[in-house]
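Take a look at the structure below.
The values are calculated or read from the model by the stated rules, or taken from the named source; none is laboratory data. On a predicted model such as this, the values are computed, not experimentally measured, just so you know. Note that each Cβ is placed from the backbone with ideal geometry, even for glycine, and that neighbours are counted across all protein chains shown.
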Amino acid sequence: MMHRFILLVISLLPMISNAQWQERGGTFDLAHLERHQFKLNLLSPGFTYELGLFKNQSVSTNLGLATATYQEGYVFGLALNNRYRYYHNFTRRERLDKNTSGNSGNYIAAAQAIFFSQLRIATNVEAPKNFNLGFFGMVYGVQRTYNKGFNFNLELGAGYYRGDGAPSGYGPLISFTFGWVATKRKKKDPYLD
């Protein structure tokens, strides 16, 4: 049942987003999203790379410390996190004269994470020593980037933890990162001369 819901939401994202490149001054560009954003995570050592695809959509990948908690127990270690994000409030934030640079907005995302056995630090899951754990679900996120480049990202969600050599089950996903955006960001209105 959960798998069907996740597939339904993912398949509807392009229809509800009106995802199109915006044409300004004869060149195709993203209105609000940064085309490339690289962030160094300070609290949870690691990095995040986000690629702007369409008007309100991006994909991101993150490598850093994370904890998986689900019915069978917990896993703590380095994890590879991937997201397909749909930012839903850029226009509203702009209308309220709030910052949208550095991908400052709220989003819904299809989420995937992989906890590799080679990168694991601790676990209490009863399974053979070399097991991997994958997460597949949905999250709601809030991301803000400030003038000096400092950035925070908070995500809440739930999904299915699939074990490779370990038991599978359902559980929450909570993520918080604080870091610094190392790439140049757009000005408040990127189309003003």
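Points to keep in mind about this one:
- Put simply, of Arg144, Arg120 the only residue that is without any contact (Cβ under 8 Å) to a residue 60 or more places away in the chain and either within 20 Å of His36 (Cα to Cα) or under 14 Å from the mean Cα position of the chain (by Cα) (or both) is Arg144.
- Residue match in region 133-140 (condition: in contact with a strand residue (DSSP E or B) (Cβ under 8 Å, 6 or more places away or on another chain), free of Cβ contacts under 8 Å to residues at least 24 places away in the same chain and surrounded by 15 or more Cβ atoms within 10 Å (Cβ to Cβ)): no
- Flag for Phe150 being surrounded by fewer than 18 Cβ atoms within 10 Å (Cβ to Cβ), of a type outside the set (Asp, Glu), within 30 Å of Glu94 (Cα to Cα) and out of contact with any Lys or Arg (no Cβ under 7 Å at 6 or more places or on another chain): yes
- Of the strands (runs of 3 or more DSSP E) lying entirely inside region 1-111, the ones with 1 or more residues being surrounded by 15 or more Cβ atoms within 10 Å (Cβ to Cβ), of a type in the set (Lys, Arg) and at pLDDT 75 or above are found at 36-41, 73-87.
- Selection of region 150-172 for residues being hydrophobic (A, V, I, L, M, F, W, C) and modelled with pLDDT of 90 or more yields Phe150, Phe152, Leu154, Leu156, Ala158.
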